Amino acid sequence: MPSHFSHRFCTAPLMDWSDRHCRYMWRLFSRRALLYTEMVTTGAILHGDRERHLQFDTVEQPLALQVGGSDPRELAECARIAEQWGYSEVNLNCGCPSDRVQSGRFGACLMAEPELVAQGLAAMRDAVSIPITVKHRIGIDDMEDYAGLTRFVEAQAGVGVTTFIVHARKAWLNGLSPKENREIPPLDHPMVHRLKRDYPQLEIVLNGGINTMDECRHHLQRLDGVMLGRAAYQNPALLARVDSELFGEAPGPTAAEVAERLLPYIERELGRGARLNHISRHMLGLFQGLPGARRFRRHLSEHAHKSGAGPEVVEQALSLVNRAA
């Protein structure tokens, strides 16, 4: 694991998307990106299949575990477990707007309870030596806009939290689905810029509506970091530019090179009982915008789910891109 890592570029926690297979592929594109797991609830960590929820490949490091919960004792215990498993950071989810999350008293609804969040974060910080961070919205429902945001941030900064990952949309907990909450509430990047101006001592990372490297560079003139989710998932080759354009290092490999490097990983994982489509589903956007991309996607979609499907399915799909290129 690197002795230090940066929040300058992060991949977002994406439910059902950013699993360990996806993150392994992302890491092949970029050595410097900080990767985040899907959100894992405290209950799943404490009482569920811990191996399934927490397993990762050391290649993925630096890697942050995102947890969902509100009970300070449970959060502290989960942070201890995360540190034992070797995670680089633990992040508390205060941004997910789903009904299931609200009923469990975690996610975006916690923005209405900044003191409870602060108790949880303080307990986590006391329990471990790795960084504890928080991801949240700019507000929820009818909470006052900037005043509500700063009240929440100040409560967490008061217990020593210094890194805030801010999704630049409000969350409407009544009337909008989780999908709609990612798209309908208007983006307000300037509010996050203002937060950094007013609290220069805090590390502020922007999430939401960032789609290109140009946009990353634009926000990094004012902020400490950017976090990309859907853009990185739908066009993973975008990550090949992170190390060179944002860190001044060598560029990452091409999509074809990453696909080739995934073949030994696929063979290994299939030998451990994984199914090919559980891995290949994350590869569908690899050649986004390139000749043959549609044929590549179609071949994987039509064959990877079949019983006994192996690395040869990916090799066949890759040959379709190569011939068309």
Any residue in region 248-256 that is within 20 Å of His7 (Cβ to Cβ) and out of contact with any Phe, Trp or Tyr (no Cβ under 8 Å at 6 or more places or on another chain)?
yes
Checked Met25, Met1, Met39 against criteria (at pLDDT 95 or above and closer than 23 Å to Val258 by Cα); the one match is Met25
Expected output for region 212-234 (first residue free of Cβ contacts under 8 Å to residues at least 24 places away in the same chain, partner surrounded by fewer than 20 Cβ atoms within 10 Å (Cβ to Cβ), Cβ below 6 Å, 6+ apart or cross-chain) is Ala231/Asn211
In the set Arg105, Arg80, the lone residue that is basic (Lys, Arg) and either closer than 29 Å to Asn174 by Cα or at pLDDT below 95 (or both) is Arg105
Does Trp17 qualify as being modelled with pLDDT of 95 or more and part of a helix (DSSP H, G or I)? no
Residues of region 276-305 being touching a residue at least 24 places away in the same chain (Cβ under 8 Å) and open to solvent by 20 Å² or more (accessible area, probe 1.4 Å), in sequence order, are Asn277, His278, Gln288, Gly289, Leu290, Pro291, Arg295, His305
For this session: Kindly establish whether Trp26 is in a loop (DSSP other than H, G, I, E, B), closer than 26 Å to Asn235 by Cβ and touching a helix residue (DSSP H, G or I) at 6+ places or on another chain (Cβ under 9 Å).
Result: no
Subset of region 35-55, residues outside any helix (DSSP H, G or I), touching a residue at least 12 places away in the same chain (Cβ under 8 Å) and out of contact with any Gly (no Cβ under 8 Å at 6 or more places or on another chain), comes to Leu35, Tyr36, Thr37, Glu38, Gln55
When Leu195 is run through (1) at pLDDT 95 or above; (2) surrounded by fewer than 16 Cβ atoms within 10 Å (Cβ to Cβ), the failure sits at (2)
Just one listed residue, out of Glu183, Glu215, is open to solvent by 70 Å² or more (accessible area, probe 1.4 Å) and within 21 Å of the chain's Cα centre (by Cα), and it is Glu183
Of (1) within 18 Å of Leu318 (Cα to Cα); (2) within 21 Å of the chain's Cα centre (by Cα); (3) open to solvent by less than 70 Å² (accessible area, probe 1.4 Å), Ala256 fails just (2)
Ala250 vs (1) in contact with an Asp or Glu (Cβ under 7 Å, 6 or more places away or on another chain); (2) crowded, with 19+ Cβ neighbours inside 10 Å: all pass except (2)
Subset of region 280-314, residues within 18 Å of Tyr24 (Cβ to Cβ) and of a type in the set (D, E, K, R), comes to Arg281
Expected single match for open to solvent by less than 10 Å² (accessible area, probe 1.4 Å) and under 30 Å from Leu28 (Cα atoms) among Ala108, Ala82 is Ala82
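Listed here are the residues, each with its yes/no results for (1) modelled with pLDDT of 95 or more; (2) assigned to a strand (DSSP E or B); (3) more than 18 Å from Val192 (Cα to Cα).
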position: Leu206; (1), (2), (3): yes, yes, no
position: Asn211; (1), (2), (3): yes, no, no
position: Arg217; (1), (2), (3): yes, no, no
position: Arg222; (1), (2), (3): yes, no, no
position: Val226; (1), (2), (3): yes, yes, no
position: Ala232; (1), (2), (3): yes, no, yes
position: Leu239; (1), (2), (3): yes, no, yes
position: Val242; (1), (2), (3): yes, no, yes
Of the residues in region 33-54, those that are within 20 Å of Cys10 (Cα to Cα) and touching a helix residue (DSSP H, G or I) at 6+ places or on another chain (Cβ under 8 Å) come to Ala33, Leu35, Thr37, Val40, Leu54
inquiry  = Among the residues of region 289-310, are any among the acidic types (Asp, Glu), modelled with pLDDT of 95 or more and touching a helix residue (DSSP H, G or I) at 6+ places or on another chain (Cβ under 6 Å)?
reply    = no
When every residue in region 137-176 that is at pLDDT 95 or above, in a loop (DSSP other than H, G, I, E, B) and in contact with a strand residue (DSSP E or B) (Cβ under 8 Å, 6 or more places away or on another chain) is compared, the one surrounded by the fewest Cβ atoms within 10 Å (Cβ to Cβ) is Thr162
Of Gln66, Gln61, Gln55, the only residue that is open to solvent by less than 10 Å² (accessible area, probe 1.4 Å), at pLDDT 95 or above, within 26 Å of Ala123 (Cβ to Cβ) and among the polar types (S, T, N, Q) is Gln66
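The values are calculated or read from the model by the stated rules, or taken from the named source; none is laboratory data. Predicted model, so just to flag it, every value in this text is computed and none were measured. Using ideal geometry, Cβ is built from the backbone for each residue, glycine included, and neighbour counts are taken over all protein chains shown. Just the protein is used for accessible areas: all its heavy atoms, side chains included, with ligands, DNA and RNA removed. Shrake-Rupley method; radii C 1.70, N 1.55, O 1.52, S 1.80 Å.
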